[in-house]
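A quick write-up on the structure given underneath.
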Amino acid sequence: MSTPSTPIAIIGAGLSGLTLALALHRHSIPCTLYESRPASLDIGGAIMLSPNALKVLDALGVYRRISPLGFHFEKLYFRSHDDAPLDDFDFGSRDKHGYKALRIYRYELINVLVSMVRDAGIPVEYNKKFSHVTAETPESVTWAFADGSSATARLLVGADGIHSRVRKHLYPDLTPKFTNMIGVTATVPRAQLQAGPEYPLPVTIMSPKHGAFVIAPQRADGSEVLIGKQKRLAQDYDRAGWDELMENKSWCVDFLRQGSEDFPPIVANAVSDIPLKGINLWPFYLVPKLDTWTKGRVVILGDAAHAIPPTAGQGVNQAFEDVYTFAGVVAKGREEGQPLEAEGDAVRMGRTLKKWQLGRQDRVDKVLELNDKLNKRRLPDAGGAGDLEPFDLDWLYGVDFEDLIAEWAS
């Protein structure tokens, strides 16, 4: 077996992989990124970052660079089909949690992360598609790429998304389950809404007949908004099938306009002119709760380990928690003179990573419970906002990651 060229190898140079590389670099832990595509993937659209994720990005020096690039907000609002207030959901507060929430285009965040990884001198190898693990010892793991080459590291981390190939090493027969639901979204100018500055955004407007219609500002000045609905499909598609479905976007326009007369006028205004360029489809897949995220010297995290429905907007936020705390427990091992990636310490590594996984799974489970509560609150007959008990989100946004890391690494 070849000698490991780096302590930690990361499969996937998307949001999770790039952020993990920066988190490891912060602790002076060498790593190499491997990405199957010729560049880090931008699947389009914007993401919502809540205080728990922004705390991570701030510690890594990312937040100050992305803060001017996105739209800052504090609440998500829910309104009825006749535009009456139903409920609201705190997504961030500078006073309570140190940060307002930030909605930022995915490509803006990726560009910043790629730039910071490059400036840090972290190696990134593109066009390197992970194939399978070929050998493993208590000290290292070796794997093959689709091009026939191979590499060896002390730890192999799969940050390669919901359709993870690294996960196949742990669960050869597992495939994500398509929920038969997709999100259909588009972007339009905020001025097109013809709503005054006092209209609460971002907003989810509920219709008993048509479900939810979402409007969320984008760009730093809020001059652009995402609009979207969910649609049920009878079948799943492979990548080629999804691409083919996207080639004719006229049906997306028709779907977004469908039933607009049963919503408040702001919806009819929003769908009055929909540019084809800004249309996206978002298939919703689920991964069952996994017994373990580790096997020997192979680890999975982020969407590869847990797929979180978008209800509370915590998917990427929880992935950032994964990578930051993972880097933290590895660093703690080094501080104690027993680095997790060192030779002959597989037992301690497995024990520590199991504690990390169980701790992270506990927070993911709480997010799933929060999703269920939100879904129930969004039902049209949920009643007025005054009848609803406020959410306690201190556990989510006020988390002390350093305390968690110390506990899991002990």
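Yes or no: Gly98 closer than 28 Å to Val399 by Cβ, buried (at least 22 other Cβ atoms within 10 Å of the Cβ) and either under 21 Å from the mean Cα position of the chain (by Cα) or outside the structural domain of Trp293 (by the TED database) (or both)? It is false that Gly98 is closer than 28 Å to Val399 by Cβ, buried (at least 22 other Cβ atoms within 10 Å of the Cβ) and either under 21 Å from the mean Cα position of the chain (by Cα) or outside the structural domain of Trp293 (by the TED database) (or both). Filtering Pro189, Pro208 for residues that are open to solvent by 50 Å² or more (accessible area, probe 1.4 Å) and modelled with pLDDT of 90 or more leaves a single hit, Pro189. When the test is whether a residue is surrounded by fewer than 15 Cβ atoms within 10 Å (Cβ to Cβ) and not polar (S, T, N, Q), Ala135 passes it. Residue check: is Asp236 open to solvent by 40 Å² or more (accessible area, probe 1.4 Å), modelled with pLDDT under 95 and in a loop (DSSP other than H, G, I, E, B)? Judged against the criteria, Asp236 is a match.
When Tyr77, Tyr107 are checked against the criterion of being within 18 Å of the chain's Cα centre (by Cα) and open to solvent by 30 Å² or more (accessible area, probe 1.4 Å), a single residue qualifies: Tyr107.
Annotation note: Cβ proximity below 7 Å between a residue of the range 205-223 that is touching a residue at least 60 places away in the same chain (Cβ under 8 Å) and a residue that is of a type in the set (A, V, I, L, M) and open to solvent by 40 Å² or more (accessible area, probe 1.4 Å) (sequence gap 6+ or interchain) occurs for Ala220/Leu69. In summary, no helices (runs of 4 or more DSSP H) completely within the range 61-134 bear 3 or more residues that are of a type in the set (Val, Ile, Thr) and within 27 Å of His210 (Cβ to Cβ). Is it the case that Val316 is more than 18 Å from the chain's Cα centre (by Cα), part of a helix (DSSP H, G or I) and either under 30 Å from Ser28 (Cβ atoms) or modelled with pLDDT of 95 or more (or both)? No: the conditions fail for Val316. Of the residues that make up the range 296-315, is at least one closer than 22 Å to Leu396 by Cα, among the acidic types (Asp, Glu) and touching a residue at least 24 places away in the same chain (Cβ under 8 Å)? Yes, that holds for at least one residue.
Beta carbons closer than 8 Å, at least 6 apart along the sequence or on distinct chains, pair a first residue in the range 158-175 that is among the charged types (D, E, K, R) and surrounded by fewer than 24 Cβ atoms within 10 Å (Cβ to Cβ) with a second that is part of a loop (DSSP other than H, G, I, E, B) and modelled with pLDDT of 95 or more for Arg165/Lys129; Lys168/Leu174.
Checked against (1) out of contact with any Ser or Thr (no Cβ under 7 Å at 6 or more places or on another chain); (2) open to solvent by less than 20 Å² (accessible area, probe 1.4 Å), Gly302 meets all criteria but (1).
Selection over the range 287-313 of residues that are touching a helix residue (DSSP H, G or I) at 6+ places or on another chain (Cβ under 7 Å) and part of a helix (DSSP H, G or I) gives a count of 5. Residue-level check: of (1) buried (at least 21 other Cβ atoms within 10 Å of the Cβ); (2) farther than 24 Å from Thr134 by Cβ, Leu281 misses just (1).
The values are calculated or read from the model by the stated rules, or taken from the named source; none is laboratory data. The model shown is predicted, which means the values in this text are computed figures rather than measured ones. Backbone-built Cβ (ideal geometry, glycine too); neighbour counts: all protein chains shown. With ligands, DNA and RNA removed, areas are computed over all heavy atoms of the protein, side chains included. Shrake-Rupley method; radii C 1.70, N 1.55, O 1.52, S 1.80 Å.
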